[in-house]
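The values are calculated or read from the model by the stated rules, or taken from the named source; none is laboratory data. Just so it is clear, the model here is predicted, and its values are computed rather than measured. Every residue, glycine as well, gets a Cβ built from its backbone with ideal geometry; the counts of neighbours run over all protein chains shown. Just so you know, the surface numbers come from the protein's heavy atoms only, side chains and all, with ligands and any DNA or RNA stripped out. Shrake-Rupley method; radii C 1.70, N 1.55, O 1.52, S 1.80 Å.
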Amino acid sequence: MRPTGPVLLLTPGPTPIHPRALAAMQWPMRGHMDPEVFAYNDGIVRDLRSLYGAEPDAFAALLAGTGSLGMEAGLANLLQPGERLLVASNGVFGDRMASMGRRLGAEVRVVTAEPGAPIDPQDLRRATEAFDPKVVALVHGETSTGVLNPMTELAAVVRAHGALLSVDAVTTVGMMPFAMEELGVDYAYTGSQKCLSAPPGLAPVAVGRRAMEAIDARTEPVTTWYADLPSMRAYWDPDGARAYHHTIPVQLHWATGEAIRAALEEGIEVREARVRRLGAAVLAALGPEGFRPYVAEPHRLPTVLALLPPAGLDEARIRRALREAHAISVTGGLGPTAGRIWRLGLMGENARYGHYLRLMRALAQLLDAPALPDRFAEVARGTVVDAAEAEAAEAEIEQETVRRAVAS
Ligand code: PLP
(Lines give C-alpha, C1' and ligand atoms only; values in the text may rest on other atoms or scores of the structure.)
Protein backbone atom coordinates (compact mmCIF):
# COMPACT_ATOMS: atom_id res chain seq x y z
CA MET A 1 0.00 0.00 0.00
CA ARG A 2 1.29 3.44 -0.89
CA PRO A 3 1.60 6.09 1.84
CA THR A 4 -1.64 8.09 1.97
CA GLY A 5 -0.19 11.56 1.47
CA PRO A 6 2.28 14.04 2.89
CA VAL A 7 2.84 14.13 6.64
CA LEU A 8 4.55 17.13 8.17
CA LEU A 9 7.58 15.85 10.07
CA LEU A 10 8.18 17.96 13.15
CA THR A 11 10.24 15.12 14.61
CA PRO A 12 13.92 15.24 15.61
CA GLY A 13 14.77 13.43 12.39
CA PRO A 14 13.93 12.51 9.80
CA THR A 15 13.10 16.04 8.70
CA PRO A 16 11.17 17.25 5.62
CA ILE A 17 13.41 16.83 2.60
CA HIS A 18 14.93 20.04 1.23
CA PRO A 19 13.40 20.81 -2.21
CA ARG A 20 16.86 20.90 -3.74
CA ALA A 21 17.67 17.44 -2.37
CA LEU A 22 14.33 16.10 -3.57
CA ALA A 23 14.98 17.43 -7.08
CA ALA A 24 18.48 15.92 -7.09
CA MET A 25 17.06 12.48 -6.43
CA GLN A 26 15.58 12.68 -9.95
CA TRP A 27 18.97 13.32 -11.52
CA PRO A 28 20.04 10.57 -13.89
CA MET A 29 21.56 7.43 -12.43
CA ARG A 30 25.28 6.90 -12.82
CA GLY A 31 27.58 4.04 -11.92
CA HIS A 32 29.60 4.40 -8.75
CA MET A 33 32.87 4.48 -10.78
CA ASP A 34 31.62 7.13 -13.22
CA PRO A 35 33.90 10.18 -13.63
CA GLU A 36 30.95 12.52 -12.97
CA VAL A 37 30.29 10.74 -9.68
CA PHE A 38 33.93 11.11 -8.65
CA ALA A 39 33.83 14.82 -9.56
CA TYR A 40 30.61 15.29 -7.58
CA ASN A 41 32.05 13.44 -4.59
CA ASP A 42 35.14 15.69 -4.66
CA GLY A 43 32.80 18.65 -4.22
CA ILE A 44 31.09 16.88 -1.30
CA VAL A 45 34.48 16.35 0.39
CA ARG A 46 35.30 20.07 0.09
CA ASP A 47 31.87 21.01 1.43
CA LEU A 48 32.08 18.58 4.33
CA ARG A 49 35.44 20.00 5.42
CA SER A 50 33.90 23.41 5.51
CA LEU A 51 30.69 22.20 7.24
CA TYR A 52 32.74 20.55 10.00
CA GLY A 53 35.41 23.28 10.21
CA ALA A 54 37.95 20.52 9.60
CA GLU A 55 41.58 20.75 8.50
CA PRO A 56 42.00 21.42 4.77
CA ASP A 57 43.41 17.90 4.29
CA ALA A 58 40.96 16.09 6.59
CA PHE A 59 39.44 12.93 5.19
CA ALA A 60 35.71 13.38 4.66
CA ALA A 61 33.17 11.03 3.13
CA LEU A 62 29.59 9.86 3.06
CA LEU A 63 29.29 6.42 4.62
CA ALA A 64 26.51 4.26 3.18
CA GLY A 65 24.42 3.84 6.31
CA THR A 66 22.62 5.99 8.87
CA GLY A 67 24.09 8.10 11.66
CA SER A 68 24.70 4.97 13.74
CA LEU A 69 27.14 3.75 11.09
CA GLY A 70 29.00 7.04 11.46
CA MET A 71 29.16 6.39 15.20
CA GLU A 72 30.29 2.78 14.84
CA ALA A 73 32.81 3.46 12.07
CA GLY A 74 34.65 5.98 14.22
CA LEU A 75 34.91 3.64 17.19
CA ALA A 76 35.82 0.63 15.02
CA ASN A 77 38.62 2.53 13.28
CA LEU A 78 40.04 4.39 16.27
CA LEU A 79 40.03 1.44 18.70
CA GLN A 80 41.63 -1.96 18.63
CA PRO A 81 40.25 -4.71 20.91
CA GLY A 82 41.39 -4.18 24.50
CA GLU A 83 42.00 -0.45 24.10
CA ARG A 84 40.24 2.05 26.35
CA LEU A 85 37.18 4.06 25.46
CA LEU A 86 35.70 6.67 27.77
CA VAL A 87 32.12 7.63 26.90
CA ALA A 88 30.41 10.74 28.25
CA SER A 89 26.76 9.72 28.26
CA ASN A 90 23.69 11.63 29.32
CA GLY A 91 21.14 9.83 27.19
CA VAL A 92 20.30 7.11 24.71
CA PHE A 93 22.94 7.99 22.13
CA GLY A 94 25.80 8.17 24.61
CA ASP A 95 24.70 4.75 25.87
CA ARG A 96 24.68 3.47 22.28
CA MET A 97 28.35 4.46 21.93
CA ALA A 98 29.26 2.52 25.07
CA SER A 99 27.39 -0.53 23.80
CA MET A 100 29.19 -0.35 20.45
CA GLY A 101 32.56 0.03 22.18
CA ARG A 102 31.93 -3.13 24.25
CA ARG A 103 30.91 -5.11 21.17
CA LEU A 104 34.14 -4.01 19.48
CA GLY A 105 36.08 -5.49 22.40
CA ALA A 106 37.20 -2.17 23.87
CA GLU A 107 37.52 -1.61 27.60
CA VAL A 108 34.74 0.88 28.23
CA ARG A 109 34.08 3.30 31.06
CA VAL A 110 31.16 5.73 31.16
CA VAL A 111 30.88 9.14 32.79
CA THR A 112 27.26 10.20 33.16
CA ALA A 113 24.96 13.07 34.07
CA GLU A 114 21.31 13.06 35.12
CA PRO A 115 18.83 13.04 32.21
CA GLY A 116 18.20 16.66 31.27
CA ALA A 117 21.56 17.82 32.64
CA PRO A 118 24.79 18.36 30.68
CA ILE A 119 28.03 16.43 31.17
CA ASP A 120 30.15 18.26 33.73
CA PRO A 121 33.65 18.99 32.34
CA GLN A 122 35.13 18.39 35.82
CA ASP A 123 33.58 14.89 35.90
CA LEU A 124 35.06 14.23 32.48
CA ARG A 125 38.46 15.51 33.61
CA ARG A 126 38.48 13.25 36.68
CA ALA A 127 37.39 10.20 34.65
CA THR A 128 39.96 10.92 31.94
CA GLU A 129 42.78 11.21 34.45
CA ALA A 130 41.73 8.04 36.30
CA PHE A 131 41.06 5.85 33.24
CA ASP A 132 43.63 7.17 30.74
CA PRO A 133 41.56 6.32 27.63
CA LYS A 134 42.82 6.19 24.07
CA VAL A 135 39.50 7.61 22.83
CA VAL A 136 36.85 9.81 24.42
CA ALA A 137 33.43 9.81 22.76
CA LEU A 138 30.70 12.32 23.44
CA VAL A 139 27.43 13.57 22.02
CA HIS A 140 27.24 17.27 21.20
CA GLY A 141 23.43 17.49 21.32
CA GLU A 142 21.67 14.56 23.03
CA THR A 143 18.44 14.01 21.08
CA SER A 144 16.75 11.86 23.73
CA THR A 145 16.72 14.71 26.28
CA GLY A 146 17.32 17.92 24.29
CA VAL A 147 20.58 18.74 26.09
CA LEU A 148 23.43 20.64 24.43
CA ASN A 149 26.67 19.46 26.03
CA PRO A 150 29.36 22.12 26.63
CA MET A 151 31.57 21.04 23.74
CA THR A 152 34.25 23.71 24.05
CA GLU A 153 34.95 22.88 27.71
CA LEU A 154 34.68 19.11 27.21
CA ALA A 155 36.95 19.16 24.16
CA ALA A 156 39.53 21.21 26.10
CA VAL A 157 39.61 18.50 28.81
CA VAL A 158 40.22 15.78 26.23
CA ARG A 159 42.80 17.88 24.41
CA ALA A 160 44.73 18.50 27.63
CA HIS A 161 44.88 14.76 28.26
CA GLY A 162 45.89 13.92 24.69
CA ALA A 163 43.20 11.28 24.00
CA LEU A 164 41.47 11.13 20.63
CA LEU A 165 38.05 12.77 20.58
CA SER A 166 35.04 11.43 18.67
CA VAL A 167 31.99 13.72 18.60
CA ASP A 168 28.42 12.90 17.65
CA ALA A 169 27.33 16.01 15.76
CA VAL A 170 24.06 14.50 14.56
CA THR A 171 21.80 17.23 15.96
CA THR A 172 24.17 20.14 15.50
CA VAL A 173 26.36 20.12 12.40
CA GLY A 174 24.66 21.88 9.51
CA MET A 175 22.53 23.98 11.85
CA MET A 176 25.15 25.34 14.24
CA PRO A 177 28.80 26.26 13.72
CA PHE A 178 31.11 23.29 14.31
CA ALA A 179 34.83 24.06 14.68
CA MET A 180 36.41 20.64 14.46
CA GLU A 181 40.00 21.72 13.92
CA GLU A 182 39.88 24.60 16.40
CA LEU A 183 38.39 22.45 19.18
CA GLY A 184 40.68 19.52 18.50
CA VAL A 185 37.92 17.09 17.52
CA ASP A 186 39.46 14.11 15.73
CA TYR A 187 36.38 12.39 14.34
CA ALA A 188 32.83 13.67 13.82
CA TYR A 189 29.71 12.40 12.11
CA THR A 190 26.06 13.09 11.44
CA GLY A 191 23.13 11.51 9.60
CA SER A 192 21.84 12.85 6.27
CA GLN A 193 18.23 13.03 7.53
CA LYS A 194 18.90 15.40 10.43
CA CYS A 195 20.06 19.02 10.16
CA LEU A 196 20.77 18.65 6.42
CA SER A 197 17.24 17.54 5.52
CA ALA A 198 18.27 14.92 2.98
CA PRO A 199 16.71 11.45 3.03
CA PRO A 200 18.05 8.99 5.61
CA GLY A 201 20.73 6.54 4.53
CA LEU A 202 24.07 8.34 4.63
CA ALA A 203 26.46 9.27 7.40
CA PRO A 204 28.59 12.32 6.48
CA VAL A 205 31.84 11.98 8.45
CA ALA A 206 35.06 13.95 8.88
CA VAL A 207 38.31 12.44 10.09
CA GLY A 208 41.10 14.74 11.24
CA ARG A 209 44.80 14.23 10.54
CA ARG A 210 45.60 12.92 14.02
CA ALA A 211 42.79 10.37 13.82
CA MET A 212 43.93 9.18 10.40
CA GLU A 213 47.47 8.78 11.69
CA ALA A 214 46.17 6.72 14.61
CA ILE A 215 44.13 4.56 12.23
CA ASP A 216 47.12 4.06 9.93
CA ALA A 217 49.22 3.05 12.94
CA ARG A 218 46.89 0.14 13.83
CA THR A 219 48.55 -3.21 14.19
CA GLU A 220 45.34 -5.13 13.42
CA PRO A 221 42.85 -4.64 10.58
CA VAL A 222 39.73 -2.59 11.33
CA THR A 223 37.24 -4.95 13.00
CA THR A 224 34.47 -4.35 10.45
CA TRP A 225 35.23 -4.67 6.73
CA TYR A 226 32.39 -2.37 5.67
CA ALA A 227 33.47 0.59 7.79
CA ASP A 228 37.19 0.32 7.08
CA LEU A 229 38.11 3.98 6.51
CA PRO A 230 41.59 3.39 5.01
CA SER A 231 40.01 1.17 2.32
CA MET A 232 37.37 3.79 1.62
CA ARG A 233 40.05 6.46 1.28
CA ALA A 234 41.21 4.81 -1.93
CA TYR A 235 37.74 5.43 -3.38
CA TRP A 236 37.23 8.97 -2.06
CA ASP A 237 40.68 10.55 -2.26
CA PRO A 238 41.15 12.56 -5.53
CA ASP A 239 44.83 11.59 -5.46
CA GLY A 240 44.06 7.98 -4.55
CA ALA A 241 43.57 4.93 -6.75
CA ARG A 242 39.80 5.56 -7.16
CA ALA A 243 39.45 1.91 -6.23
CA TYR A 244 36.07 0.25 -5.78
CA HIS A 245 35.16 -0.45 -2.16
CA HIS A 246 31.36 -0.82 -2.23
CA THR A 247 28.59 0.42 -4.50
CA ILE A 248 27.72 3.85 -3.20
CA PRO A 249 24.02 4.90 -3.30
CA VAL A 250 24.45 7.47 -6.08
CA GLN A 251 20.98 9.06 -5.81
CA LEU A 252 21.49 9.64 -2.10
CA HIS A 253 24.85 11.24 -2.87
CA TRP A 254 23.19 13.70 -5.26
CA ALA A 255 20.52 14.52 -2.67
CA THR A 256 22.85 14.85 0.30
CA GLY A 257 25.43 16.77 -1.71
CA GLU A 258 22.75 19.31 -2.70
CA ALA A 259 21.46 19.51 0.88
CA ILE A 260 24.97 20.28 2.16
CA ARG A 261 25.39 22.94 -0.54
CA ALA A 262 22.05 24.50 0.40
CA ALA A 263 23.09 24.65 4.06
CA LEU A 264 26.43 26.28 3.25
CA GLU A 265 24.83 28.76 0.86
CA GLU A 266 22.21 29.77 3.44
CA GLY A 267 25.06 30.20 5.95
CA ILE A 268 25.42 28.26 9.19
CA GLU A 269 25.14 31.37 11.39
CA VAL A 270 21.95 32.34 9.56
CA ARG A 271 20.58 28.85 10.11
CA GLU A 272 21.44 28.95 13.79
CA ALA A 273 19.67 32.29 14.16
CA ARG A 274 16.66 30.85 12.29
CA VAL A 275 16.35 27.88 14.63
CA ARG A 276 16.93 29.86 17.81
CA ARG A 277 14.34 32.51 16.95
CA LEU A 278 11.77 29.96 15.87
CA GLY A 279 12.37 27.90 19.02
CA ALA A 280 11.86 31.01 21.16
CA ALA A 281 8.57 31.77 19.38
CA VAL A 282 7.34 28.19 19.85
CA LEU A 283 8.14 28.35 23.57
CA ALA A 284 6.52 31.76 23.96
CA ALA A 285 3.38 30.45 22.29
CA LEU A 286 3.12 27.16 24.18
CA GLY A 287 4.22 28.43 27.61
CA PRO A 288 0.84 29.99 28.54
CA GLU A 289 -0.82 26.64 27.66
CA GLY A 290 1.26 24.93 30.36
CA PHE A 291 4.17 23.53 28.33
CA ARG A 292 7.53 24.01 30.04
CA PRO A 293 11.06 23.51 28.72
CA TYR A 294 12.60 20.27 30.00
CA VAL A 295 16.16 21.63 29.90
CA ALA A 296 17.34 24.84 31.56
CA GLU A 297 19.42 27.40 29.63
CA PRO A 298 22.26 27.56 28.64
CA HIS A 299 22.13 23.79 28.01
CA ARG A 300 18.99 23.71 25.86
CA LEU A 301 19.64 22.15 22.46
CA PRO A 302 18.26 24.60 19.88
CA THR A 303 17.49 21.90 17.31
CA VAL A 304 15.47 19.56 19.56
CA LEU A 305 13.05 21.43 21.79
CA ALA A 306 12.20 19.12 24.70
CA LEU A 307 8.95 20.15 26.37
CA LEU A 308 7.15 18.91 29.49
CA PRO A 309 3.43 18.88 28.61
CA PRO A 310 0.92 20.37 31.06
CA ALA A 311 0.09 18.14 34.04
CA GLY A 312 -2.82 15.84 33.33
CA LEU A 313 -2.59 16.09 29.54
CA ASP A 314 -2.72 12.72 27.76
CA GLU A 315 0.27 13.65 25.61
CA ALA A 316 0.23 10.40 23.62
CA ARG A 317 -3.43 10.93 22.66
CA ILE A 318 -2.71 14.46 21.41
CA ARG A 319 0.24 13.25 19.34
CA ARG A 320 -1.93 10.48 17.85
CA ALA A 321 -4.62 13.02 16.99
CA LEU A 322 -2.03 15.31 15.40
CA ARG A 323 -0.93 12.47 13.14
CA GLU A 324 -4.38 11.09 12.34
CA ALA A 325 -6.47 14.25 12.01
CA HIS A 326 -3.84 16.80 10.98
CA ALA A 327 -1.06 14.77 9.28
CA ILE A 328 1.55 16.20 11.64
CA SER A 329 4.13 13.97 13.28
CA VAL A 330 5.45 14.98 16.72
CA THR A 331 7.70 12.73 18.80
CA GLY A 332 7.48 11.84 22.46
CA GLY A 333 10.36 11.03 24.77
CA LEU A 334 13.01 8.36 24.27
CA GLY A 335 14.78 6.23 26.85
CA PRO A 336 14.79 8.14 30.16
CA THR A 337 12.27 10.67 28.85
CA ALA A 338 9.76 8.20 27.32
CA GLY A 339 6.19 9.18 28.21
CA ARG A 340 7.37 12.40 29.86
CA ILE A 341 8.20 14.91 27.16
CA TRP A 342 7.58 16.02 23.60
CA ARG A 343 10.59 16.51 21.36
CA LEU A 344 9.98 19.07 18.64
CA GLY A 345 12.45 18.95 15.77
CA LEU A 346 13.92 22.28 14.68
CA MET A 347 16.49 20.92 12.29
CA GLY A 348 16.98 21.96 8.69
CA GLU A 349 13.62 22.06 6.92
CA ASN A 350 11.51 21.40 9.99
CA ALA A 351 12.63 24.75 11.43
CA ARG A 352 10.20 26.73 9.25
CA TYR A 353 7.62 29.24 10.43
CA GLY A 354 4.81 27.85 8.25
CA HIS A 355 5.26 24.33 9.61
CA TYR A 356 4.99 25.51 13.20
CA LEU A 357 2.04 27.76 12.42
CA ARG A 358 0.31 24.61 11.13
CA LEU A 359 1.14 22.86 14.41
CA MET A 360 -0.22 25.78 16.44
CA ARG A 361 -3.48 25.74 14.48
CA ALA A 362 -3.87 22.00 15.00
CA LEU A 363 -3.08 22.31 18.71
CA ALA A 364 -5.52 25.20 19.03
CA GLN A 365 -8.26 22.72 18.13
CA LEU A 366 -6.96 19.73 20.06
CA LEU A 367 -6.15 21.65 23.26
CA ASP A 368 -9.09 24.04 22.96
CA ALA A 369 -6.60 26.91 22.95
CA PRO A 370 -7.89 29.37 20.32
CA ALA A 371 -5.31 32.07 21.13
CA LEU A 372 -2.36 29.84 20.26
CA PRO A 373 -1.82 30.55 16.52
CA ASP A 374 -2.11 34.33 16.89
CA ARG A 375 0.20 34.34 19.89
CA PHE A 376 2.77 32.38 17.91
CA ALA A 377 2.40 34.57 14.82
CA GLU A 378 2.71 37.73 16.89
CA VAL A 379 6.02 36.66 18.47
CA ALA A 380 7.38 35.27 15.22
CA ARG A 381 6.57 38.30 13.07
CA GLY A 382 9.58 40.53 13.01
CA THR A 383 11.89 37.96 14.57
CA VAL A 384 11.37 34.83 12.46
CA VAL A 385 9.50 36.13 9.39
CA ASP A 386 8.63 39.42 7.78
CA ALA A 387 5.07 40.28 6.70
CA ALA A 388 5.49 38.89 3.16
CA GLU A 389 6.92 35.58 4.41
CA ALA A 390 4.14 35.28 6.96
CA GLU A 391 1.56 35.85 4.24
CA ALA A 392 3.18 33.28 1.94
CA ALA A 393 3.18 30.73 4.78
CA GLU A 394 -0.53 31.36 5.42
CA ALA A 395 -1.31 30.90 1.72
CA GLU A 396 0.61 27.63 1.67
CA ILE A 397 -1.31 26.33 4.68
CA GLU A 398 -4.62 27.23 2.98
CA GLN A 399 -3.56 25.30 -0.12
CA GLU A 400 -2.55 22.30 1.98
CA THR A 401 -5.90 22.39 3.83
CA VAL A 402 -7.76 22.39 0.53
CA ARG A 403 -5.57 19.59 -0.84
CA ARG A 404 -6.25 17.46 2.22
CA ALA A 405 -10.00 18.16 2.10
CA VAL A 406 -10.13 17.11 -1.57
CA ALA A 407 -8.05 13.99 -0.90
CA SER A 408 -10.34 12.87 1.91
N1 PLP B 1 23.22 10.15 17.44
C2 PLP B 1 22.22 11.00 17.71
C3 PLP B 1 22.49 12.17 18.61
C4 PLP B 1 20.95 10.80 17.16
O5 PLP B 1 19.97 11.65 17.42
C6 PLP B 1 20.73 9.69 16.33
C7 PLP B 1 19.40 9.43 15.76
O8 PLP B 1 18.41 9.97 16.18
C9 PLP B 1 21.81 8.82 16.08
C10 PLP B 1 23.03 9.09 16.64
C11 PLP B 1 21.64 7.63 15.23
O12 PLP B 1 21.31 7.98 13.94
P13 PLP B 1 20.49 6.99 13.00
O14 PLP B 1 19.15 6.78 13.59
O15 PLP B 1 20.48 7.77 11.71
O16 PLP B 1 21.27 5.73 12.88
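Computed quantities for the displayed model
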item: Residues satisfying the stated conditions in region 368-378, i.e. surrounded by fewer than 18 Cβ atoms within 10 Å (Cβ to Cβ) and either within 14 Å of A285 (Cβ to Cβ) or within 27 Å of the chain's Cα centre (by Cα) (or both); result: A369, P370, A371, D374, E378
item: Verdict on E107 being within 14 Å of the ligand (Cβ to nearest atom) and either at pLDDT 95 or above or buried (at least 18 other Cβ atoms within 10 Å of the Cβ) (or both); result: no
item: Near pairs, Cβ below 8 angstrom, 6+ apart or cross-chain, from region 370-395 (at negative phi) to any residue that is outside any helix (DSSP H, G or I); result: A387/R381; A390/R381; A393/R352; A393/V385
item: Pairs where the first residue, in region 3-19, is closer than 12 Å to S192 by Cα and of a type in the set (S, T, N, Q) and the second is open to solvent by less than 60 Å² (accessible area, probe 1.4 Å) and away from the ligand (no atom under 15 Å from the Cβ), C-beta under 8 Å, 6+ apart; result: T15/E349
item: Residue among Y353, Y294 that is of a type in the set (F, W, Y), touching a residue at least 60 places away in the same chain (Cβ under 8 Å) and open to solvent by less than 20 Å² (accessible area, probe 1.4 Å); result: Y353
item: Whichever residue in region 247-261 is among the aliphatic types (A, V, I, L, M) and surrounded by fewer than 21 Cβ atoms within 10 Å (Cβ to Cβ) and, among such residues, is nearest to D42 (Cα to Cα); result: V250
item: Selected residue (only one of T224, T172, T190, T219 is touching a residue at least 24 places away in the same chain (Cβ under 8 Å), open to solvent by 20 Å² or more (accessible area, probe 1.4 Å) and either in contact with an Asp or Glu (Cβ under 9 Å, 6 or more places away or on another chain) or under 15 Å from V139 (Cα atoms) (or both)); result: T224
item: Every residue from region 68-85 that is open to solvent by 10 Å² or more (accessible area, probe 1.4 Å) and either within 16 Å of the ligand (Cβ to nearest atom) or over 22 Å from K134 (Cβ atoms) (or both); result: S68, L69, E72
item: Only listed residue being open to solvent by less than 30 Å² (accessible area, probe 1.4 Å), outside the structural domain of G191 (by TED's automatic domain parsing), touching a residue at least 24 places away in the same chain (Cβ under 8 Å) and not in a helix (DSSP H, G or I), chosen from L278, L307; result: L307
item: Which listed residue, of A163, A169, is modelled with pLDDT of 95 or more and more than 16 Å from the ligand (Cβ to nearest atom); result: A163
item: Residue identified as within 16 Å of the ligand (Cβ to nearest atom), open to solvent by less than 10 Å² (accessible area, probe 1.4 Å), closer than 30 Å to L307 by Cβ and in a strand (DSSP E or B) among A98, A88; result: A88
item: Residues of region 136-156 classified as more than 10 Å from the ligand (Cβ to nearest atom) and in contact with a Ser or Thr (Cβ under 6 Å, 6 or more places away or on another chain), total; result: 2
item: Region 193-216 - residue that is open to solvent by 30 Å² or more (accessible area, probe 1.4 Å) and away from the ligand (no atom under 16 Å from the Cβ) and, of those, nearest to G43 (Cα to Cα); result: R209
item: Selection count where residues are within 16 Å of the ligand (Cβ to nearest atom) and within 19 Å of F178 (Cβ to Cβ), scope region 115-135; result: 2
item: M1 vs. criteria of a type outside the set (G, A, S), modelled with pLDDT under 95 and away from the ligand (no atom under 13 Å from the Cβ); result: yes
item: Test for R319: is it open to solvent by 40 Å² or more (accessible area, probe 1.4 Å), part of a helix (DSSP H, G or I) and in contact with a Gly (Cβ under 7 Å, 6 or more places away or on another chain); result: yes
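So that you can scan it fast, the table gives a plain yes or no per residue for (1) open to solvent by less than 30 Å² (accessible area, probe 1.4 Å); (2) in a helix (DSSP H, G or I):
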| position | (1), (2) |
| --- | --- |
| R102 | no, yes |
| P118 | no, no |
| R125 | no, yes |
| T128 | yes, yes |
| V136 | yes, no |
| V157 | yes, yes |
| S166 | yes, no |
| F178 | yes, no |
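Okay, residues lined up against (1) among the charged types (D, E, K, R); (2) touching a helix residue (DSSP H, G or I) at 6+ places or on another chain (Cβ under 9 Å); (3) outside the structural domain of H246 (by TED's automatic domain parsing):
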residue: P3; (1), (2), (3): no, no, yes
residue: W27; (1), (2), (3): no, yes, no
residue: D34; (1), (2), (3): yes, yes, no
residue: R46; (1), (2), (3): yes, no, no
residue: S50; (1), (2), (3): no, yes, no
residue: A58; (1), (2), (3): no, yes, no
